[in-house]
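The structure appears right after this line, and notes come after that.
The values are calculated or read from the model by the stated rules, or taken from the named source; none is laboratory data. Note that the structure is a prediction, hence the values are computed from the model and not measured. Here Cβ is always computed from backbone atoms with ideal geometry, including for glycine, and neighbour counts include all displayed protein chains. Surface areas here come from the heavy atoms of the whole protein model, side chains and all, with no ligands, DNA or RNA. Shrake-Rupley method; radii C 1.70, N 1.55, O 1.52, S 1.80 Å.
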Amino acid sequence: VSTRLFDYSGRGLTSKRSKVIPRTRPFLMYRTHDRLKSIFYRSIPMLRRSWMEARASTSRRKLSTSPAISTWFREVQEAAKRSISEGKRSGKSKGRYGGGELVRDFIGAELYAEDRGYFNATNCINTPREPLEFTKMSGLEEYQAHVKQLYYDGIEGWATPVEIFQPWYGQALARWIVGARQPSDGEELIIFELGAGNGTLARNILDYLQQELPSVYSTTRYITVDVSSRLAQIQAEKLNSHSDITATINTPASGLDEIIPKLRDKTVFVLGMEVLDNMPHDKIFFDSKSGETFQTHVVSDPTGHPYPYVEQLHPVKDPYIVRLANILSSIPEDISRGGSYSTPSTSQGGGIGMLEWARMAIDDMFEIFIPRNEAFLPSVCSMSMESIARCLPKHRIILADFAYLPDTISPALNSPVVSQKIVESEQMRGRSRDFDTYLIPQGQADIFFPTDFYFLEQMYKDVMSRARPDSPGVTVAGSLTHGAFFEAYADLPRLTTSNGDIP
């Protein structure tokens with residue numbers, strides 16, 4: 001499944017990239033011309049490191065090498081400890097417009113409820129016991145066998161690119177962050193990571209800075225943010241070796257401004273790797289006859305099948321749904337259809353195979369014959385961006401996630417995949433079971449959405465224009481594939497198999 005890395009920056013920055021998640025990964029990837037590129041990239045790691053050290057050296061002339069921990073960061077660390085011990089997980093909309101609850105609140109409880117939510121009740125992220133050694137693999141087939149074994153070993157968990165390509169994924173992001181810093185950014189390197197999972201990315205970035213750029217490491221302040229109390233605890237434990245410069249906050253991103261002080265004068269890097277897909281969405285219905293738009297509520301009903309929940313339609317009143325529906329209606333239909341807004345013909349860089357391309361083309365063809373009067377809208381993502389805009393006004397944000405998903409539950413725009421790992425059968429171990437509805441009991445399955453990056457760009461610009469009405473326009477660097485990002489920032493020889501393939 002192809003995904004994208006999207007960078008929204010407060011200034012003009014170099015573009016970034018995205019990735020391929022190994023879920024029915026097509027075999028076709030790099031061939032002869034890419035092997036030539038591979039040979040070229042083998043020759044530049046030392047030059048890249050020299051350039052980074054020279055840049056860091058220039059910054060050191062203007063920065064002190066070992067500053068005291070700032071008062072604001074001490075306050076964040078204290079607030080983080082309270083959030084974990086008190087179980088502070090604010091950010092629920094509490095919207096009530098008629099009966100039941102909004103779809104975003106229902107999905108939020110399914111995923112994040114304290115006792116039974118999916119991310120609190122299961123070991124949902126699978127981390128390899130040891131980093132994969134790509135240089136010892138014969139090629140893509142052996143790589144795919146390793147990934148299959150990783151899924152088999154993790155009975156409940158999914159594998160993400162951060163985990164599969166550790167520590168190289170985190171090192172590539174660290175190189176980008178260091179390269180994007182400006183002398184005017186201030187003394188501290190401040191990083192917020194949303195939905196930090198098992199804490200693998202944070203540790204990989206900090207380990208790299210500590211070993212390769214110690215002067216930068218000494219000025220780094222790294223804050224992880226997670227709505228799952230179980231994952232927040234795991235992150236705090238994994239980052240124990242960096243505890244002096246890290247903090248873990250147990251709160252949804254939409255409630256971030258309730259906990260941390262407003263950092264008006266500090267440049268902050270915000271990372272969101274595979275977090276957008278699990279942000280709850282709202283659902284709307286458009287009545288083509290009356291021209292009226294409705295918001296969807298979920299209510300309990302013993303007659304519901306197969307589970308005791310049903311949907312009800314109510315006139316749109318929720319302000320987030322109103323704004324997002326207006327943005328959606330302003331996007332020409334020929335720009336994007338079907339939850340896959342960035343197709344191979346419009347993407348930059350590589351990273352999607354011919355088989356996946358063909359599947360997307362077939363899906364697009366069938367969409368012509370399917371009336372689309374329903375859509376899922378990323379309302380919690382919008383709430384999170386508003387929270388970031390309020391408390392981190394000088395941020396640069398880079399996001400990575402699925403740009404396309406097969407086997408969604410319905411033809412609705414941006415429809416999710418609802419899936420669980422099979423654990424009751426040894427023969428089916430490592431495989432998944434998909435549902436045809438999101439109306440399921442809490443904790444039973446993962447619910448994840450494709451990201452419409454064109455829509456995301458328009459939504460971000462809308463949020464920032466309302467948060468900073470007097471400031472200049474927002475710079476959006478663009479959307480690129482993971483393959484291109486790794487070509488620019490990763491240590492490719494460490495990711496290349498013996499026959500020249502680069503998974």
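For region 98-125, which residues satisfy the criterion of being under 20 Å from residue 449 (Cβ atoms), in a loop (DSSP other than H, G, I, E, B) and in contact with an Asp or Glu (Cβ under 7 Å, 6 or more places away or on another chain)?
Passing the criteria: 117, 122, 124.
Give the number of residues within region 268-300 that are without any contact (Cβ under 8 Å) to a residue 40 or more places away in the chain and either within 30 Å of residue 223 (Cβ to Cβ) or exposed (fewer than 15 other Cβ atoms within 10 Å of the Cβ) (or both).
Looking only at that region, the number is 4.
So that you can scan it fast, the table gives a plain yes or no per residue for (1) under 24 Å from the mean Cα position of the chain (by Cα); (2) in a helix (DSSP H, G or I); (3) of a type in the set (S, T, N, Q):
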site	(1), (2), (3)
210	no, yes, yes
224	yes, no, yes
260	yes, no, no
263	yes, no, no
271	yes, no, no
280	yes, no, no
284	yes, no, no
297	no, no, no
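Residue by residue through region 276-309, note down the ones that are farther than 15 Å from residue 101 by Cβ and either of a type in the set (Lys, Arg) or in contact with a helix residue (DSSP H, G or I) (Cβ under 9 Å, 6 or more places away or on another chain) (or both).
276, 278, 279, 284, 286, 289, 293 - these are the residues of region 276-309 that are farther than 15 Å from residue 101 by Cβ and either of a type in the set (Lys, Arg) or in contact with a helix residue (DSSP H, G or I) (Cβ under 9 Å, 6 or more places away or on another chain) (or both).
Are there any pairs, at least 6 apart or on different chains, whose C-beta atoms fall under 7 Å, with the first in region 198-209 and under 16 Å from residue 234 (Cα atoms) and among the charged types (D, E, K, R) and the second open to solvent by 10 Å² or more (accessible area, probe 1.4 Å) and modelled with pLDDT under 95, and if so, which?
From region 198-209, the pairs are 203/238.
Say whether the condition of being open to solvent by 30 Å² or more (accessible area, probe 1.4 Å), farther than 18 Å from residue 112 by Cβ and touching a residue at least 60 places away in the same chain (Cβ under 8 Å) is met by at least one residue in region 226-243.
no
Name every residue in region 154-203 that is under 17 Å from the mean Cα position of the chain (by Cα), hydrophobic (A, V, I, L, M, F, W, C) and within 18 Å of residue 249 (Cα to Cα), in order of residue number.
If the condition is that a residue be under 17 Å from the mean Cα position of the chain (by Cα), hydrophobic (A, V, I, L, M, F, W, C) and within 18 Å of residue 249 (Cα to Cα), then 191, 192, 194, 196, 201, 202 are the ones that fit.
Output the residues belonging to region 221-240 that are modelled with pLDDT under 95 and among the polar types (S, T, N, Q).
Scanning region 221-240 gives 228, 229, 233, 235, 240.
Which number in (1) open to solvent by less than 40 Å² (accessible area, probe 1.4 Å); (2) assigned to a loop (DSSP other than H, G, I, E, B) marks the one condition that residue 317 misses?
With (1) open to solvent by less than 40 Å² (accessible area, probe 1.4 Å); (2) assigned to a loop (DSSP other than H, G, I, E, B) applied to residue 317, the lone miss is (1).
Let's see how each residue does on (1) assigned to a strand (DSSP E or B); (2) crowded, with 20+ Cβ neighbours inside 10 Å; (3) touching a Gly at 6+ places or on another chain (Cβ under 6 Å):
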position	(1), (2), (3)
127	no, yes, no
130	no, no, no
142	no, no, no
152	no, no, yes
173	no, yes, no
190	yes, yes, no
193	yes, yes, no
